[in-house]
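Q: Supplied in structure tokens, the structure appears directly below.
The values are calculated or read from the model by the stated rules, or taken from the named source; none is laboratory data. Everything numeric here is computed off the predicted structure, so don't read it as measured data. Here Cβ is always computed from backbone atoms with ideal geometry, including for glycine, and neighbour counts include all displayed protein chains. Quick note on the areas: whole protein, heavy atoms, side chains included, nothing else; ligands and nucleic acids left out. Shrake-Rupley method; radii C 1.70, N 1.55, O 1.52, S 1.80 Å.
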Amino acid sequence: MASGQPRALITGITGQDGSYLAELLLGQGWEVHGLVRRSSSDALGRIRHLLPSIQLHSGDLTDLSSLLSLIGRLRPEQLYNLGAQSSVPQSFAQPLATLQITGLGAANVLEAVRLMSPETRVYQAGSSEMFGNALESPQRETTPFSPASPYAVAKVQAQLMARHYRERGLFVVAGILFNHESPRRGEEFVTRKIARAVARIHRGEQAVIELGNLEARRDWGWAPDYVEAMVAMMAGPTPKDYVVATGIDHSVREFAEQALALIGRSFHDCVRVDPRLIRPADIAALVGDAGLARRELGWRPTVDFAGLVERMVRAELDLCAA
Ligand code: NDP
Ligand code: GDR
């Protein structure tokens with residue numbers, strides 16, 4: 001472990017953001033370590049191409065002892081806490097597990113850093129979901145939280161713990177990231193679900209896409225841009241909260257319309273609403289003001305909505321062709 005390179009530990013390294021972040025840090029000369037929980041099936045699909053270059057360690061966010069031991073051993077310069085039960089609908093079905101992993105798990109990470117490696121800089125993955133149906137739009141760092149799901153409650157808990165440990169002297173930044181997507185997005189999230197379905201419709205394997213709330217509006221960005229923002233926050237002089245967003249929102253309906261247009265099909269012919277996919281509580285619209293990140297970190301999104309839809313659909317069409 002005495003490579004002389006700076007060392008980073010990523011929880012959630014097998015997820016969408018973890019995989020892009022690992023690539024970015026490796027490219028910048030970091031020694032990259034990841035916390036991976038035991039799985040009976042293959043969870044390494046997104047990082048298989050990185051396996052010779054990264055070091056994986058078995059552990060779990062809900063198991064403080066595994067965090068104490070790993071963080072004490074590695075004493076990384078930076079720790080990115082991206083691990084979470086990150087599905088909002090799943091959090092209604094499993095509220096307690098979500099609180100344990102997404103909320104208490106973050107507190108476990110912070111406490112392990114305080115006890116074992118207080119010089120480590122920590123990134124906490126906060127979410128626009130914490131704003132809920134906010135009275136203020138666009139949402140910024142000072143907008144009050146109003147969580148509308150167990151997932152959002154857990155993220156608020158983690159965010160408040162991040163602020164608490166920051167006040168106690170740890171270097172803890174907390175990104176408040178709005179939805180960011182890519183071909184590596186989990187298949188249950190709406191953008192990837194639509195992109196996959198559009199490719200299947202194009203191949204004649206599926207007739208319609210079944211969706212829930214079509215009028216929900218979200219501020220969708222390109223995931224690789226968002227991991228750039230995480231790294232920039234960690235390199236800054238002062239730990240704080242930063243909103244990361246494009247500043248433009250679109251509806252689920254618009255996403256599906258644009259995706260279907262790429263294969264010459266119409267929304268009317270191909271989309272059905274399945275009431276079972278409508279959540280017990282949903283947020284009508286979220287749109288962020290990333291002015292602070294722009295001014296202090298020089299961060300800007302590089303991919304607009306049309307570009308995002310096209311990249312996701314093309315990736316699925318290419319997969320089909322492969
Ligand atoms: P993913 O759902 O793709 O990845 C979640 C990761 O957490 C996976 O690596 C998963 O491992 C890991 N994980 C889950 N439970 C545990 C546990 N008990 N112990 C250790 N690891 C665990 O999420 P994203 O990459 O999309 O998001 C990264 C983070 O950013 C998450 O915290 C998410 O809530 C947050 N976020 C995401 C946004 C987005 O638009 N993508 C926006 C705002 C916040 P496994 O592979 O084993 O399941
Ligand atoms: P979100 O993402 O809940 O914002 O959480 P998701 O893509 O699941 O939903 C976005 C919006 O689309 C509506 N919707 C559907 N959603 C899904 N998943 N499936 C459907 O069929 C469907 N039809 C309509 C939803 O109701 C919602 O309004 C993501 C996660 O990455 C979180 O971890 C992260 O914190 C937030 O983004 C910001």
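Q: Once phi is turned into ³J(HN,Hα) by the Karplus curve 6.51 cos²θ - 1.76 cosθ + 1.60 with θ = phi - 60°, what whole-Hz value does each residue of the stretch 279-291 show in order, with x for glycine and proline?
A: The phi angles translate into 6, x, 8, 10, 9, 5, 8, 9, 8, x, 10, 8, x Hz.
Q: Something else: Amide H to amide H, which residues 5 or more places from V287 or on other chains are under 5 Å from it, using H placed in the peptide plane?
A: Answer set, sorted by chain and number: Q139.
Q: Can you give the relative contact order of the chain as a percent, counting alpha carbon pairs under 8 Å and 6+ residues apart? Walk me through the numbers on the way to the answer.
A: Details: 633 pairs, mean separation 55.0, N = 322.
Relative CO of the chain lands at 17 percent.
Q: For the chain, which whole-number percentage of the solvent-accessible area (1.4 Å probe, protein heavy atoms only) is attributable to carbon and sulfur atoms?
A: 51 percent
Q: Sticking with this structure for a sec: Starting from the Kirkwood radius over alpha-carbon pairs of the stretch 280-322, derive D by Stokes-Einstein at 10 °C in a medium of 1.306 mPa s and give it in µm² s⁻¹. Could the numbers behind the result be given before it?
A: Values: Rh = 13.5 Å.
Diffusion coefficient, whole number: 117 µm²/s.
Q: Another question about this same structure. Note the angle between two axes, namely the Cα long axis of helix 150-167 and the longest principal axis of the Cα atoms of the chain, as a number of degrees from 0 to 90, rounded to the nearest 10.
A: Around 30 degrees separate the two axes.
Q: To the nearest 10 square angstrom, how much accessible area does H250 have with a 1.4 angstrom probe?
A: Roll a 1.4 Å probe over it and H250 shows about 40 Å².
Q: If you filter the stretch 101-139 for GluC sites (Glu not before Pro), then keep DSSP loop positions with at most 13 other Cβ within 10 Å, what is left?
A: On the way: sites: E111, E119, E129, E136; in loops: E119, E136.
The qualifying sites are E119, E136.
Q: Length gain on complete extension for the stretch A207 to S58, per 0.36 nm per residue less the alpha carbon to alpha carbon distance? Kindly include the intermediate steps, with their values, before the conclusion.
A: Numbers: separation 149, 0.36 × 149 = 53.64 nm, distance 4.19 nm.
Length gained between A207 and S58: 49.4 nm.
Q: Sequence-distant or interchain residues sharing an amide H contact under 5 Å with V36, placed H: which?
A: For V36, whose amide H was placed from the backbone, the distant partners under 5 Å are H57, S58, G59.
Q: What is the distance in Å between the Cα centres of the stretch 134-171 and the stretch 17-72?
A: About 25 Å separates the Cα centre of the stretch 134-171 from the one of the stretch 17-72.
Q: As a test of the formula, what do you get for the chain when each DSSP H run with n ≥ 4 contributes -39,500 (n - 2.57) and the sum is divided by the residue count, at 222 nm and rounded to the nearest 500 deg cm²/dmol?
A: Numbers: 12 runs with 127 residues, N = 322.
Calculated from helices alone, the mean residue ellipticity at 222 nm is -12000 deg cm²/dmol.
Q: For the chain, what does the alpha-carbon gyration tensor say about shape, rounded, prolate or oblate, given a ≥ b ≥ c as the root eigenvalues, a/c under 1.5 as rounded, and a/b over b/c as prolate?
A: Details: a/c = 1.73, a/b = 1.47, b/c = 1.18.
Prolate is the answer for the chain, as a/c is 1.5 or above and a/b outweighs b/c.
Q: Hey, another quick one. Ignoring ligands, DNA and RNA, what accessible area per residue does the stretch 175-322 give at 1.4 Å, in Å²? Please list the in-between numbers first.
A: Details: 6550 Å² over 148 residues.
Averaged over the residues of the stretch 175-322, the accessible area is 44 Å².
Q: Among DSSP beta bridges lying fully in the chain, give the percent that are antiparallel, nearest 5. Present the calculation step by step, with values, prior to reporting the outcome.
A: Details: 2 of 37 bridges.
Once the DSSP bridges in the chain are tallied, antiparallel ones form about 5 percent.
Q: Can you list the residues, at least 5 places off or on another chain, whose amide H is less than 5 Å from the amide H of R7, using H built in the peptide plane?
A: E31, E77, Q78
Q: Could you work out the percent of alpha carbon pairs in the stretch 170-322 separated by over 18 Å, rounded to a whole number?
A: Numbers: 6940 of 11628 pairs.
Roughly 60 percent, once rounded to a whole number.
Q: Compute the long axis of helix 105-116 from its Cα atoms, compare it with the longest principal axis of the Cα atoms of the chain, and write down the angle in degrees, 0 to 90, nearest 10.
A: With both axes taken from Cα atoms, the answer is about 20 degrees.
Q: Could you give the spread of the C-alpha atoms of the stretch 88-172 along their three principal axes, from largest to smallest, in whole angstroms?
A: Taking the Cα atoms of the stretch 88-172, the three principal extents are 37, 29, 14 Å.
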